[in-house]
Amino acid sequence: MTTRVLIVDDQAMVRAGFAALLAAQSDIDVVGDAADGVQGVELSRATHPDVVLMDVRMPEMDGLEAARQLLSPPPGVVHRPKVLMLTTFDVDDYVYEALRAGASGFLLKDAPPADLISAVRIVAAGEALLAPSVTRRLIADFARQRPAPRKDRESLRLNGLTPRETEVLELIARGLSNQEIAAELVLAEQTVKTHIGRVLAKLDLRDRAQAVIFAYESGLVTPGDR
């Protein structure tokens, strides 16, 4: 199956470079590119990409607002692509907010070409790009800056998890991969995947990225936890 990708970035050279790299892959089809968030939203609604590579800082409409519009579309708009944020900064306020809005992760613009290709495939498959240590640092940093008391509604949602599912959520929030969680809890990796699926379904979360944000903001995990 071919993954349809839209590139949204205000730098023409970045758009051209990413497009050439991705279009060279047999399983990726670049359906268009846009120079700002307004154009990106319009083009996404017209072309229905599977993944949108979204720059954070752009004129007219920044990547955060564009991601919000794509991930929480108005009534009548059914299509919701996966959104992968692009940034030149390893810690960026907008990226954290984009994860809260439902983006599937972020990637540094200076990452190796192979990482970009891999990121598109990972996000298209429904996974979140949360493995790099820089992502763990970003989420922890912004959670520390925004201490959020546990809300009654979120506490009730947490109470719906089994003890094992709660353990899995904690380990997701600490940035562990499925393999690492399996080793930590002495479980088969497939069992971990099953638990993660149930956690997402019970908490009504789209993916791993939202699970991490939820764990911090509900108070289940606090910055500095190990």
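The values are calculated or read from the model by the stated rules, or taken from the named source; none is laboratory data. All values derive from a computational prediction rather than experimental measurement. FYI the Cβ positions are ideal-geometry reconstructions off the backbone, even for glycines, and counts take in every protein chain you see. Please note that ligands, DNA and RNA were not included when accessible areas were found on the heavy atoms of the full protein model with its side chains. Shrake-Rupley method; radii C 1.70, N 1.55, O 1.52, S 1.80 Å.
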Exercise. Expressed in nm to one decimal, what extension gain is obtained for the pair Gln179 and His48 from 0.36 nm per residue of sequence separation less their Cα-Cα distance?
Worked result: 43.9 nm
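What translational diffusion coefficient, to the nearest whole µm²/s, does the range 1-42 have by Stokes-Einstein, given a Kirkwood radius computed over alpha-carbon pairs, a temperature of 37 °C and 0.692 mPa s viscosity?
Details: Rh = 10.4 Å.
Calculated translational D: 315 µm²/s.
In Å², and per residue, what accessible area does the range 1-129 have when probed at 1.4 Å with the other protein chains present? Numbers along the way, then the final one.
On the way: 5620 Å² over 129 residues.
Dividing the accessible area of the range 1-129 by its residue count gives 44 Å².
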Exercise. Sequence-distant or interchain residues sharing an amide H contact under 5 Å with Gly32, placed H: which?
Worked result: Ile7
For this session: Starting with the highest mean, order 34-47, 159-172 by the number of other Cβ atoms within 10 Å, averaged over the residues of each peptide.
Result: 34-47, 159-172
Exercise. For the range 163-202, with the dipole built from +1 on Lys and Arg beta-carbon atoms and -1 on Asp and Glu ones, taken about the Cα centre, which of Thr166, Leu187, Ser177 lies farthest toward the positive end?
Worked result: Thr166
